[in-house]
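Asker: What follows is a single structure, and I will ask about it in a moment.
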Amino acid sequence: MKINKIVITGGPCGGKSTAMSWIQNAFTQLGYTVLFVPETATELISGGVAPWTCGSNGDYQKCQMKLQIEKEKVFEAAAKSMPAEKVLIVCDRGALDNKAYMNDEEFQAALEFIKTDEVRLRDHYDAIFHLVTAAKGAEEFYTTENNTARTETLEEAAALDDKIISAWTGHPHLRVIDNDTDFEGKMMALIDEISTFLGEPEPFEIERKFLIEYPDLNWLENIPNCKKIEIIQTYLKADENEEVRIRQRGQNGNYIYYKTTKRKVTDVKRIEVEERLSAEEYLTLLMEADTTKHQIRKNRYCLTWEGQYFEIDVYPFWDDQAIMEIELNDENEEIVFPDQIKVIKEVTDDAAYKNAALAEMEW
């Protein structure tokens, strides 16, 4: 049995309600049992529990985050009891959306209240899909009439959209769906992104990789749409045509663990299967490490830019260059690089710049 839990988020009037119907139709046909966790804010505000009725905004956010987490636990327990091979739990917004509505002090207090940390709160979801508000690129369709909990002006909606993207930046599977097409095209793009993540019909990964000049770390660390993640990557013994690795991923002493198996199809396309590990499972698999390879330690800067999600890997053994990667749905998709990033060359099909090769270098 495979259970995936994803978040559909976005700025106000991004299309989430319609997206739920599209997801139901598309993935039921693919054999999934699809469960929907309703938007918690709308439930609470419609029931009289709101930032302006509670003692403070911080008090309200604690209530909302607590209810969100408890609802998800109920849906997960229900999913495990179902006679189904594939279950897709779809959260209409996730717990980390609340960060966009709080200051730093309120957010830290809320984390303490629900007894977790930001890394675990963000990464306990399998994937995040952000639908950009109509206030950015489809202004003529922006409305507050179809949701009594929505009160934002165009300008407020656009600013909130940016804050929500910033809150989720750092998640290993964040995708942003913008308004470059009509609304039907936007929904089709969402279904394509979810299908790619789920590996339907096969778990392909289309990735391009670039060697860049050493980035301005001060710039990266001080823009809201970038998050620094610490990664320790260990390669395991594997068959010749496969690459198997385990990864510790997180920040500030809080970590999540993964196992990834990759098999090459073309220079830019690979079949990739990823699974979450417990800390105990991770420590056990470390005993199967390939001792011919070094453990890779790096800082990864996750950057959302022009609707695209870049990952910049900075290694301790380089002080003049770094690696930038981006996952795509189409091999020919145009890439928009930030002006602050200087590309030296593309190294997608250059084996010398793959992490597995770097792990074999003498540092």
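The values are calculated or read from the model by the stated rules, or taken from the named source; none is laboratory data. Because the structure is predicted, anything quoted here is derived from the model rather than measured. For neighbour counting, all protein chains shown are included, and Cβ atoms are generated from backbone atoms with ideal geometry for every residue, glycine included. Ligands, DNA and RNA are excluded from the accessible area calculation, which covers all protein heavy atoms including side chains. Shrake-Rupley method; radii C 1.70, N 1.55, O 1.52, S 1.80 Å.
Here is a yes/no grid of residues against (1) touching a residue at least 12 places away in the same chain (Cβ under 8 Å); (2) in contact with a Phe, Trp or Tyr (Cβ under 7 Å, 6 or more places away or on another chain):
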position	(1), (2)
R263	yes, no
E274	yes, yes
R300	yes, no
Y309	yes, no
P316	yes, no
D319	yes, yes
N332	no, no
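Asker: If L67 meets every condition in (1) open to solvent by less than 10 Å² (accessible area, probe 1.4 Å); (2) not in a strand (DSSP E or B) apart from one, which number is that one?
Answerer: Of the numbered conditions (1) open to solvent by less than 10 Å² (accessible area, probe 1.4 Å); (2) not in a strand (DSSP E or B), the odd one out for L67 is (1).
Asker: Shifting gears a bit: Can you tell me which residue within the range 228-264, out of those that are hydrophobic (A, V, I, L, M, F, W, C) and either at pLDDT 95 or above or open to solvent by less than 40 Å² (accessible area, probe 1.4 Å) (or both), is farthest from S166 (Cα to Cα)?
Answerer: L236
Asker: Being part of a loop (DSSP other than H, G, I, E, B), surrounded by fewer than 16 Cβ atoms within 10 Å (Cβ to Cβ), of a type in the set (V, I, T) and free of Cβ contacts under 8 Å to residues at least 60 places away in the same chain narrows it down to one of T28, T53, so name that one.
Answerer: On the way: T28 fails: part of a loop (DSSP other than H, G, I, E, B).
After applying the criteria, what remains is T53.
Asker: State whether the residues of the range 170-177 include one that is buried (at least 16 other Cβ atoms within 10 Å of the Cβ), of a type in the set (A, V, I, L, M) and farther than 24 Å from R120 by Cβ.
Answerer: Pass one, the range 170-177, residues buried (at least 16 other Cβ atoms within 10 Å of the Cβ): 170-177.
Those still in the list that are of a type in the set (A, V, I, L, M) too: 174, 176-177.
Subsequent filtering for residues that are farther than 24 Å from R120 by Cβ retains 177.
Within the range 170-177, one or more residues are buried (at least 16 other Cβ atoms within 10 Å of the Cβ), of a type in the set (A, V, I, L, M) and farther than 24 Å from R120 by Cβ.
Asker: A further question on this structure: Inside the range 171-223, can you point out the residues that are farther than 30 Å from V273 by Cβ and part of a loop (DSSP other than H, G, I, E, B)?
Answerer: Correct list: N179, D180, T181, D182, Y214, P215, D216, N222, I223.
Asker: Among (1) surrounded by fewer than 20 Cβ atoms within 10 Å (Cβ to Cβ); (2) in contact with a strand residue (DSSP E or B) (Cβ under 8 Å, 6 or more places away or on another chain), there is one condition D162 misses while meeting the rest; what is its number?
Answerer: (2)
Asker: In the range 146-193, which residue that is among the polar types (S, T, N, Q) and within 17 Å of I223 (Cβ to Cβ) is nearest to the chain's Cα centre (by Cα)? Show your work before the answer.
Answerer: Just the residues of the range 146-193 that are among the polar types (S, T, N, Q), to begin with: 146-148, 151, 153, 166, 169, 179, 181.
Now narrow it down to the ones that are within 17 Å of I223 (Cβ to Cβ): 166, 169.
Details: S166: 11, T169: 7 Å.
That would be T169.
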